[in-house]
1. Condition first: closer than 21 Å to residue 16 by Cβ and not basic (Lys, Arg). Can you find one or more residues in the range 80-96 that meet it?
2. Within the set of pairs 6 or more residues apart or between chains, which connect a residue that is assigned by TED's automatic domain parsing to the domain that holds residue 38 and closer than 17 Å to residue 37 by Cβ inside the range 1-25 to a residue that is among the hydroxyl-bearing types (Ser, Thr, Tyr) and assigned to a helix (DSSP H, G or I) with Cβ atoms less than 8 Å apart?
3. Restricting attention to the range 55-103, which residues are in a helix (DSSP H, G or I), among the small types (Gly, Ala, Ser) and more than 15 Å from the chain's Cα centre (by Cα)?
4. Name the residues in the range 46-66 that are surrounded by 16 or more Cβ atoms within 10 Å (Cβ to Cβ) and among the β-branched types (Val, Ile, Thr), would you?
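The values are calculated or read from the model by the stated rules, or taken from the named source; none is laboratory data. Small disclaimer: the values here were computed from a predicted structure and weren't measured. Positions of Cβ are backbone-derived with ideal geometry, glycine not excepted, and every protein chain shown enters the neighbour counts.
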Amino acid sequence: MNLFQWFTVSALGLLALLEARAYLKNHQPIHILRECVWLAAVLMILFPGLTTRVADLLGIGRGTDLVFYAFMLLATGAFFHVYGRTYVMRRDIVELARREALRTATPGQGLPRPAQPAAIAPSNEGAER
């Protein structure tokens, strides 16, 4: 193993252990998914030829291309997921603000009237003498 492999495998192993601990603490399935991602990364770093063999089986050719394609697909999916969650959250916030405004409204009192601008005398500019 080279120096890069030692550092990255150690860091990813630590992340995998933290995810396993988090799953045991609160039993959320997202921790299992993250655990799988970290362990897959460890396998690809320890056995770089493995991605090339899988890519050959899929007809892609290079393992690097397989990793890149997988990343692009997963990143696009994650983007759309986050966008959808943000859209729903914004809609919910608007709904809550409307409900709160109706709940706390005082009958007969609207918004304060804006200050009236000072009367402006008509200008004689442009008028011929």
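1. No; the residues of the range 80-96 include none that is closer than 21 Å to residue 16 by Cβ and not basic (Lys, Arg).
2. none
3. To start, the set of residues in the range 55-103 that are in a helix (DSSP H, G or I) comprises 55-58, 63-103.
Checking the rest, the ones that are also among the small types (Gly, Ala, Ser) come to 55, 63, 70, 75, 77-78, 84, 97, 101.
Those that are in a helix (DSSP H, G or I), among the small types (Gly, Ala, Ser) and more than 15 Å from the chain's Cα centre (by Cα): 55, 63, 70, 97, 101.
4. From the range 46-66, those surrounded by 16 or more Cβ atoms within 10 Å (Cβ to Cβ) are 51-52, 55, 60, 63, 66; that's our starting set.
51, 52, 60 - these are the residues of the range 46-66 that are surrounded by 16 or more Cβ atoms within 10 Å (Cβ to Cβ) and among the β-branched types (Val, Ile, Thr).
Each row is one residue, and each column tells you yes or no for (1) of a type in the set (Ser, Thr, Tyr); (2) modelled with pLDDT of 70 or more.
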{"site": "86", "(1), (2)": "yes, yes"}
{"site": "91", "(1), (2)": "no, yes"}
{"site": "98", "(1), (2)": "no, yes"}
{"site": "102", "(1), (2)": "no, yes"}
{"site": "105", "(1), (2)": "no, yes"}
{"site": "109", "(1), (2)": "no, yes"}
{"site": "119", "(1), (2)": "no, no"}
